[in-house]
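Comments concern the structure below.
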Amino acid sequence: MTADTPSPPRSAALARLRDTLAGLTARAPGGAASAPIPVFADTSLIGAGLARGALHEVCAASPGSGVAFAAILLARCGGQVLWIATEQESNLVWPPGLLPFGLAPDKLILARAARWPEALWAMEEALRCPALGAAVLMAGSGQGLDLTATRRLHLAAEAGGVFGLLLRPEGAAGASAARTRWHIAPLASADAPRWRLSLLRQRGGAPAGPWQVAFNAATNTLHLEAGGG
Amino acid sequence: MKGRRYLAVHLPFWAAEHLRQARPDLPADQPLALWARQGARRLLAALDHHAAAAGLEPGQALADAEALLPELQVLPAQPEASAAGLRDLALWAQRFTPISAALPPDGLLLDITGCDHLFGGEAPLLASLISALAKTGLSAQGAIASAAASAMALARVRRDAPIIQPGAEEKAVAPLPLGPALRLPGAMLEDLARLGLRVIGDVLRQPRAPLARRFGAPLLDALDAATGRRAPPITPIAAPPDLAVTRALPEPILTAEAIAALLDRLLAALCARLSRAGLGARRLCLTAWRVDGTEQRLMIGTGAPNRDPAHLARLFAEPLTSLAPELGFERFTLHALATDPMGAEGQGALPMGAAPRPDGVLAQLLDRLGQRLRLARPAPLPSHWPERQWRAAAPHEAPSPTPPGWGARAAPVLLRRRPEAVQVTAFAEGAPAALRWRGRHYALTRAEGPLRLEAEWWHGGALPPARDYHRVQLASGERLWLCHADGRWVVQGDLP
């Protein structure tokens with residue numbers, strides 16, 4: 001039977017199977033799961049978006065704007081989001097307010113640490129866990145977050161492929177191993193929130209912005225305003 | 001051929017005596033009665049022997065009983081606790097026979113077939129059981145017969161611990177009064193009494209067909225069971241699986257590596273038992289006995305039932321560092337304190353339409369984090385009152401669906417843990433125009449509101465005052481969520 005089976009059809013079938021297999025393996029660890037997280041619809045501004053498996057920082061002039069921007073980015077990760085804060089934090093994340101920014105409560109797990117070292121430990125553990133989509137750590141102004149700590153977090157995020165985000169108040173800028181650092185400040189607005197957003201730093205790239213942006217909840221996009229920049 | 005033999009124990013004052021065991025502070029020589037609420041009335045539910053000797057009866061009004069017997073101590077009845085106690089007692093009775101059953105509310109049934117010779121015969125077995133119960137403060141009456149219901153009927157009525165030879169059941173139960181022996185409903189007893197039928201023998205002499213027509217099958221079933229003509233099955237109690245493993249060591253160990261290696265062995269043994277029992281651990285306790293006779297305990301908990309030794313070992317890694325071995329530990333016990341049913345591994349069928357529970361890697365991460373942090377999953381609630389818009393659900397629960405319209409109102413993204421007092425120093429058209437906040441003056445560029453929220457009266461209790469919410473914007477662009485209630489202004493949250 002082996003002798004009279006023509007070989008070309010068999011090799012074609014094999015090639016087809018190999019193609020399918022290659023497609024599957026490429027999609028499982030890579031593909032959509034590792035695509036960068038878009039910030040703007042217009043990719044000419046900062047490229048395709050923020051890398052997963054990396055640490056990013058958001059410095060906010062007002063706490064509300066930082067949390068909203070973080071929620072927009074986290075919602076775009078897909079997957080479960082771990083939101084870590086310490087007990088000393090005077091503000092609680094309010095899930096009903098995050099839903100308009102695309103972050104649904106069924107995607108959210110809130111964690112409260114008694115002390116800052118535990119929050120850091122939890123962040124590192126979370127970033128190493130590939131089952132999680134993203135992890136965010138709210139860092140107060142007085143909390144020790146030096147180059148070593150951020151490097152640890154970044155390495156953990158690289159190992160787990162999780163999108164890591166540090167939410168810091170405005171003045172707390174020190175050396176950091178984060179891939180990008182964003183600054184967000186609120187602007188006077190009539191209805192939908194408007195922000196001034198700038199990319200203060202990015203590894204291997206130039207700073208960019210500032211842009212004046214507004215969030216459109218219906219289309220889930222950040223709009224660049226005409227007069228901005 | 002010898003058939004089966006049954007030992008029945010009747011505990012006439014079980015509920016009261018069981019409660020007395022748990023409450024040694026109650027004076028033992030004073031009558032005790034338990035009451036239960038029936039509608040608006042409080043009736044006696046159970047008595048001890050002092051109260052029964054004084055002429056009180058179950059079903060009597062509590063007020064009457066207290067008037068008759070002023071020194072009566074009364075406590076509310078705890079039917080669940082007493083049923084659970086009876087099950088425990090049935091388990092204890094397995095020291096006499098492997099098959100024992102609890103017959104609520106106040107009976108035990110033991111299948112002693114083939115066990116009596118271990119105790120020197122049926123009479124010594126019965127005597128040792130009754131005296132063991134008496135030592136713990138329980139009054140008990142026992143009987144042995146070849147039919148379970150005959151033994152039970154005899155135990156309920158006769159105090160002389162009768163032992164009925166096989167085949168003699170019908171003769172033995174014939175003189176027993178119908179009410180106490182068979183536990184027939186009150187209405188049926190009255191009807192039987194009107195016909196002049198008061199003891200079992202009276203009824204047995206009647207033709208069966210008219211009896212069945214008049215009283216239905218329950219009476220005949222009870223009679224047949226009591227005379228041994230028919231043997232309804234008994235439901236033996238099963239001992240809960242033993243979920244503790246102990247290792248005694250020939251030499252004390254004190255290094256962290258040795259302890260971790262021993263824990264691995266204990267976990268492997270325990271997880272094998274859990275797997276056989278179809279359970280997963282929720283809470284584990286590791287007890288380590290030191291050579292100086294003291295013991296140290298470590299506890300871990302998991303969010304979802306788990307029996308993966310590697311995962312449980314990781315959860316123990318952190319608490320293990322707190323052990324102080326000094327001269328070493330010589331004995332370890334690992335005990336699963338709480339367990340939940342858990343199917344076979346890989347049986348991850350999802351309920352249709354429901355979001356999946358976190359499983360696998362994510363559940364393990366949550367367990368690890370849960371040892372040191374407080375985790376919660378926000379579960380949306382259908383409410384407009386800010387504090388009631390979500391509750392903190394366990395992180396291992398499946399996420400709850402979001403009700404339509406939830407979160408649609410322009411809500412703050414951060415809420416103050418404690419509202420921050422603020423002074424409104426100027427108003428424009430009824431809305432705040434300037435603030436004094438954290439010791440500084442702020443002019444407001446914009447104010448929206450008020451949005452009035454009334455408390456949800458349907459939750460009952462004291463109603464908080466209605467609140468007026470204002471969304472204000474400072475000159476810096478920062479937006480705050482102000483609340484005005486009861487004449488006070490507070491910052492309650494931050495808007496995006």
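Note on the stretch B:160-224: Kirkwood radius taken over Cα pairs, Stokes-Einstein applied at 4 °C and 1.567 mPa s, translational D equal to 105 µm² s⁻¹. Cβ crowding within 10 Å, taken as a proxy for footprinting-reagent exposure, orders A:Val58, B:Val424 from fewest neighbours to most as B:Val424, A:Val58. Considering only DSSP states other than H, G, I, E and B, which trypsin sites (Lys or Arg not before Pro) in the stretch A:123-229 qualify as loop sites with at most 15 other Cβ atoms within 10 Å? Passing both the DSSP loop test and the Cβ count: A:Arg203. Computed with the Debye formula from one identical point scatterer per Cα of the protein assembly as shown, without solvent, the log10 of I(q)/I(0) at q = 0.11 Å⁻¹ comes to -1.15. Per residue of peptide A:109-122, the mean number of Cβ atoms on other chains within 10 Å of the residue Cβ is 4.
Using the number of other C-beta atoms within 10 angstrom as an exposure proxy, rank A:Thr148, B:Thr302, B:Thr339 with the fewest first.
Lowest to highest Cβ neighbour count: A:Thr148, B:Thr339, B:Thr302.
If only the Cβ of Lys and Arg carry +1 and only the Cβ of Asp and Glu carry -1, the dipole of the protein assembly as shown around its Cα centre is close to 1160 debye.
Peptide B:374-387 is shielded by partner chain Cβ atoms: per residue, an average of 4 of them sit within 10 Å of its Cβ.
Ranked by the mean number of other Cβ atoms within 10 Å per residue, highest first, peptides A:185-191, B:222-228, B:475-481 order as B:222-228, B:475-481, A:185-191.
Between B:Arg276 and B:Leu451, the modelled label-to-label distance comes to 6.0 nm, taking each label 7 Å out from Cα in the direction of the beta carbon. Note on chain B: helix-only mean residue ellipticity at 222 nm, from DSSP H runs of 4+ residues weighted -39500 (n - 2.57) and normalised by residue number, equals -8500 deg cm²/dmol.
Taking the convex hull of the Cα atoms, report for chain B its projected area averaged over all directions, in nm².
For chain B, the mean projected area of the Cα convex hull comes to 39.1 nm².
Please find the FRET efficiency linking B:Gln30 to B:Met299, where r is the Cβ-Cβ separation and R0 is fixed at 35 Å, and quote it to the nearest 0.05. All intermediate terms of the calculation are to be shown ahead of the outcome.
Details: r = 41 Å, r/R0 = 1.17.
Rounded to the nearest 0.05, the efficiency is 0.30.
Here each label is just a point 7 Å from Cα along the line to Cβ, and for B:Ala67 and B:Ala426 those points are 7.7 nm apart.
Give me the percent of Cα-Cα pairs in the stretch B:164-288 that sit more than 18 Å apart, rounded to a whole number.
Summing the P(r) tail past 18 Å for the stretch B:164-288 gives 67 percent.
The alpha carbons of the stretch B:1-239 occupy a box of 54, 47, 29 Å along the principal axes, longest dimension given first. Look at A:Cys129, B:Cys115 and count the other Cβ atoms within 10 Å of each Cβ; fewest to most, that gives B:Cys115, A:Cys129.
Taking the simple approach of a point 7 Å from Cα along Cα-to-Cβ for both B:Arg214 and A:Asp19, what is their distance in nm? According to this spin-label approximation, the distance is 9.1 nm. Compactness check for the stretch B:414-494: Cα Rg over 2.2 N^0.38 Å is 1.13. In terms of packing, defined here as the mean over residues of other Cβ atoms within 10 angstrom, the peptides B:365-375, B:161-171 line up highest first as B:365-375, B:161-171.
The gain in end-to-end length when the B:Thr113 to B:Thr235 segment is fully stretched comes to 42.4 nm, 0.36 nm per residue minus the alpha carbon separation.
Applying 1/(1 + (r/R0)^6) with R0 = 51 Å to the Cβ-Cβ distance of A:Ala12 and A:Ala159 gives a FRET efficiency near 0.80.
Any chance you could tell me what percent of the C-alpha pair distances in the stretch B:73-148 go past 15 Å?
So the pairs more than 15 Å apart make up 59 percent of the total in the stretch B:73-148.
One chain, two ends: B:Arg95 and B:Lys135. Fully extended at 0.36 nm per residue, the span grows by 12.8 nm beyond their Cα-Cα distance. Mean partner shielding of peptide A:181-194, defined as the number of other chain Cβ atoms within 10 Å of each residue Cβ, is 3.
Each peptide in B:98-110, B:9-21 gets a packing score, the mean of other Cβ atoms within 10 Å over its residues, and the list from highest to lowest is B:9-21, B:98-110. Placing R0 at 60 angstrom, the Cβ-Cβ distance between A:Ala35 and B:Glu190 gives a FRET efficiency of 0.15 after rounding to 0.05.
Stretch B:Leu75-B:Arg283 to full length: gain in nm at 0.36 nm per residue minus the Cα-Cα span? Write out the running numbers ahead of the final one.
Working: separation 208, 0.36 × 208 = 74.88 nm, distance 3.38 nm.
This chain segment gains 71.5 nm when fully extended.
Rule-based calculations on the coordinates, nothing more; no lab input. Everything numeric in this text was worked out from a predicted model, so none of it was measured. No Cβ is skipped: glycine too gets one built from the backbone with ideal geometry, and neighbour counts run over all protein chains shown.
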